[in-house]
Amino acid sequence: MRLEIKRKLFARSDRVKCVDFHPTEPWLLASLYNGNVYIWNYETQALVKTFEVTDVPVRAAKFIARKNWLITGSDDMQIRVFNYNTHEKVTTFEAHPDYIRCIAIHPTQPFVLTGSDDMTIKLWDWEKGWKNIQIFEGHTHYVMNINFNPKDSNTFASACLDRTIKVWSIGSTVANFTLEGHEKGVNWVEYYHGGEKPYLVSAADDKLVKIWDYQNKTCVQTLEGHAQNAAFACFHPELPIIISGSEDGTVKIWHSNTYRLENTLNYGLERAWTVAYQKGNNNVAFGYDEGAVCVKLGREEPAVSMDNSGKIIWAKHNEIQTANIKAGHDDNIKDGDRLPLPIKDLGSCEVYPQTLQHSPNGRFVVVCGDGEYIIYTALAWRNKGFGNGLEFVWALDSNEYAVRESTTKIKLYKNFKERPNALKLNFMAEGIYGGTLLGVKSTTYLNLYDWETGSIVRRIDVIPKSVHWSDIGDLVTIACEDTFYVLRFNRQSYTKFLESGGEIGDEGVEQAFEFVTEIQESIKTGTWVGDCFIYTNTVNRLNYLVGAQTFTISHFDTNIYLLGYIPKDNRIYLADKVMVFSTRTVLQTLWVYFNSYGYFNVQFALVQFIKDVNVYSYALSLTVIEYQTAILRNDLETAEQLFPTVPADQRNRIARFLESQDLKELALEVSADVEHKFELAVQLNKLDVAVEIAREVNTETKWKTVGDSALSAWKFSLAEECLKKAKDSSGLLLLYTASGNAKGIRELAESAVADGKNNVALACFLQLGQVEDCIAILIKTDRIPEAAMFARTYLPSHVSRVVKLWKESLEKQNKKKAAEALADPADYENLFPDFKYALIAEELSKKARNTAIPATSYTEYKDSLDQDIIAGVKEKYPEGVLPTNLSSPLHSRLVNSIARKNVNGEMDDDVLSSVASVDDDRTSIADNMSLLSMEVNTTGTGSVRGDVDFDDAASFATSEHERPSDNLVFEEKELES
């Protein structure tokens, strides 16, 4: 048997006495002689969890996955149960008066069996508080191992150092029968998992492994080969093998049908003690003196094949079954749904099938396994040809095939007759691949040969896992470990080279192939459909490749394998690994059960062995593939002709593809998905289309997206409409301040207060110079310290009121010392020497704060934003007292001089000489003094970009000097000082 063995975990540790797999997580449980229990992730080789159970050997440990538990038995006679997620100890109790050697978990009931050096086996029920509900007595030495019967969980077998194997039934304290034959103590016993053989396998200190027929109570076979005590032996649940381990440090793999030794493993970790396997896959773990090892045996890909008409053939052990896609086809089937296929028995195979493959025309099926191949007719399952061979591959012509008999010998056949000396090799052949050309793999490269002449066409310096040819033979995928390559075969160039008399060297003809693309993915299975390559990868995705672009069709939680593509159905068909036992197998199971227990258990047989073949399908229109291929070839004319034939439900897939090719205009025309069309319209700056969709959908996010795009496109009216509908206060604030829209800012301030958007409202009031409202917002939102600082800067006449509120707030928080430390500038002028000048500046600028300054006047007034206001007031009013009777003209000039001092360097002399005698108008002074404070620039700054000007008229949209009534925003009367 050709059995690939791949090591997945190699973990050194103290002596491992027991191992177990978690049924769903990639975890391996290992109990150690030093009292610890480890959980390893065999996919990442990481130690996931550690349990310090005791300071004596833990000889038994198992997962109870349905309860999230692990259970241990140790030399301190204690059973301990832990929650492996939380590390919580669920329970602990003394189960036996001596060492606990083994534990078995019932597959469905809340039962646990324990075996001990006290020569008894005990049954525990965790739903009854771990009550001991039965004791099994009869052994006269240490009980080393116990296992439930997978075909009847009411019975179990035990192995004992008294040299016997006993079979028991739950409910009876006396053993059903005893098997004797080993000359020394028995260390392990386990059942055969299939229904056709009533077998047990045992391992003993006499170095022997024995297979027993528990129906006839006889020893069927004895396996010899170990040099020391045989510690364990088991039947693999999926493969036709027996695995045994010994204290000689080796693990041996035997064929369960022929009992031939197939392989011997030695990992150099001293004595082997224990074994575990995982149902549903090929993982096996071993425990040694110096650590644990996990390996994968054989291929996980099932032996299954589908021809071009949809006929599926697969193998389960030696039974061959068939189903037809037509019988389960439904036009309304959804992607990913399992197809209800009627299953028929086709026959059996003389060898254990490891691979099964249809010929290209579907007339024949070849089965490979056990170092042999057999060719059958697909319909009648008649033997057409056979021979020795490790591998078998078909050419594109179903009458040609090749067989690799060994690393040095490959035979070519045509019409079922060998062609002698057709292929000569000067290297070790590690594998062969069929298709347009014959591929032969060495340890470092792949050679491609012509089927007819046997001469080399090209050498490719990669180590492939598989090779996939297109139907017409011009494209090939070479799949390696972590990547795959697509090449184009040019037979015309190869033929021309030969006709020209060119000499072919070891590298072949360079012009025969051209590189197409390389994709960094690991392929599991694949097939070509025209110029499209469909494949599944190692992360369980179904993808397809067109040109150099990959597209994902679906994701899977379990391993899934590609069967093929049927063009008339426009569907891809896949299968999982769960295949079916035949009717014959079920009848054999019933008969075994009857002979063992005296009655038929039909329900048991059906539950254990009747499983539907899991075949799934996914839609992939051939016209979609052809359309995408035309686009990638830049043949837009052909693509336009193909488009009407693309199914309506595939239009959105086409649109996404066109977008990935940067053909967004075309994608916008094609797409039927509103969301996708909106995205494309925004990307293409087609705001009319985007606005139409936004009006149709009417969501804030859509309006905001269009609004942002309109701003970027300088379409301010559209941007304002969109931002209003999106309720985007921040965006509106940006728009209004940038465009000088004082009216808009006032409206935004009112709506922001109503909506509780205090930050935006504060910014609006500050831009408008409505500093009283700013203070009111800060007080309302309980930001009183900030309100006090703000008042000190912009509205000093309100400082006393806010400081009083601040003190009251601190006192409510029992912070009396902090409250007492606050000083009111009105009461402590010595601490605030310029406070009286700040009051004058406020009075001068108060009535003109709402005067709108044109945005285009920014350059004239920008330097006044850096003016030292207090210094200007001090210079004019050194006593800190504002005259009560001022006239307008000269004081207006005075304030203008103050405002421009930093700009022109000094004030006008004529103005300074006549200030004292002039009766100015306070409003005019205030108009100019307002330029000296931050709040004066109420409408932002103006700018010109390209041919688009800011609308300066907007600056005067509300040029009246009066502020909106305070009660429009707040009802606080104290805002007016």
Just to be sure, is residue 224 more than 19 Å from residue 297 (Cβ to Cβ), in contact with a helix residue (DSSP H, G or I) (Cβ under 8 Å, 6 or more places away or on another chain), acidic (Asp, Glu) and assigned by TED's automatic domain parsing to the domain that holds residue 281?
-> no
Starting from the range 473-498, take each residue that is more than 28 Å from residue 537 (Cβ to Cβ) and list its partners that are in a loop (DSSP other than H, G, I, E, B), counting only C-beta distances under 6 angstrom and pairs at least six apart or across chains.
-> 494/509; 497/509
Wholly within the range 417-477, strands (runs of 3 or more DSSP E) carrying at least 2 residues that are within 18 Å of residue 406 (Cα to Cα) = 417-419, 431-433, 438-441, 446-449
Give the number of residues within the range 42-72 that are without any contact (Cβ under 8 Å) to a residue 24 or more places away in the chain and not in a loop (DSSP other than H, G, I, E, B).
-> 6
What about residue 571, is it touching a His at 6+ places or on another chain (Cβ under 6 Å) and modelled with pLDDT of 85 or more?
-> no
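Within the range 297-334, which residues are in a loop (DSSP other than H, G, I, E, B), farther than 23 Å from residue 195 by Cβ and either assigned by TED's automatic domain parsing to the domain that holds residue 33 or of a type outside the set (Gly, Ala, Ser) (or both)?
299, 301, 307, 308, 329, 330, 331, 332, 333, 334
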Checking 542, 563 in turn, the sole residue that is under 21 Å from the mean Cα position of the chain (by Cα), more than 17 Å from residue 464 (Cβ to Cβ) and in contact (Cβ under 8 Å) with a residue 60 or more places away in the chain turns out to be 542
Quick check, is residue 261 at pLDDT below 95, closer than 24 Å to residue 296 by Cα and surrounded by fewer than 16 Cβ atoms within 10 Å (Cβ to Cβ)?
-> yes
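Matching residues to (1) within 20 Å of residue 275 (Cβ to Cβ); (2) at pLDDT below 95; (3) out of contact with any helix residue (DSSP H, G or I) (no Cβ under 8 Å at 6 or more places or on another chain); (4) among the β-branched types (Val, Ile, Thr):
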site: 122; (1), (2), (3), (4): no, no, yes, no
site: 136; (1), (2), (3), (4): no, no, yes, no
site: 141; (1), (2), (3), (4): no, no, yes, no
site: 159; (1), (2), (3), (4): yes, no, yes, no
site: 162; (1), (2), (3), (4): no, no, yes, no
site: 174; (1), (2), (3), (4): no, yes, yes, yes
Of these, 122, 131, which one is under 20 Å from residue 71 (Cβ atoms) and either surrounded by fewer than 17 Cβ atoms within 10 Å (Cβ to Cβ) or hydrophobic (A, V, I, L, M, F, W, C) (or both)?
-> 131
Out of all the residues in the range 655-666, is one or more within 30 Å of residue 576 (Cβ to Cβ), surrounded by 16 or more Cβ atoms within 10 Å (Cβ to Cβ), in contact (Cβ under 8 Å) with a residue 24 or more places away in the chain and not polar (S, T, N, Q)?
-> yes
State the number of residues belonging to the range 266-296 that are small (Gly, Ala, Ser) and part of a loop (DSSP other than H, G, I, E, B).
-> 2
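Need a quick list: strands (runs of 3 or more DSSP E) entirely within the range 105-215 having at least 3 residues that are farther than 22 Å from residue 240 by Cα. Full working, then the answer.
Values: elements: 111-116, 120-125, 131-137, 143-149, 152-160, 164-169, 177-180, 186-191, 199-204, 209-213.
Output list reads 111-116, 120-125, 131-137, 143-149, 152-160, 164-169, 177-180.
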Cβ-Cβ under 6 Å pairs, at least 6 apart or on other chains, the range 772-783 side in contact (Cβ under 8 Å) with a residue 40 or more places away in the chain, far side in a loop (DSSP other than H, G, I, E, B) | 776/970; 776/972
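The values are calculated or read from the model by the stated rules, or taken from the named source; none is laboratory data. This is a predicted model, so every value here is computed, not measured. Ideal geometry is used to build each Cβ from the backbone, glycine not excepted, and the neighbour counts take in all protein chains shown.
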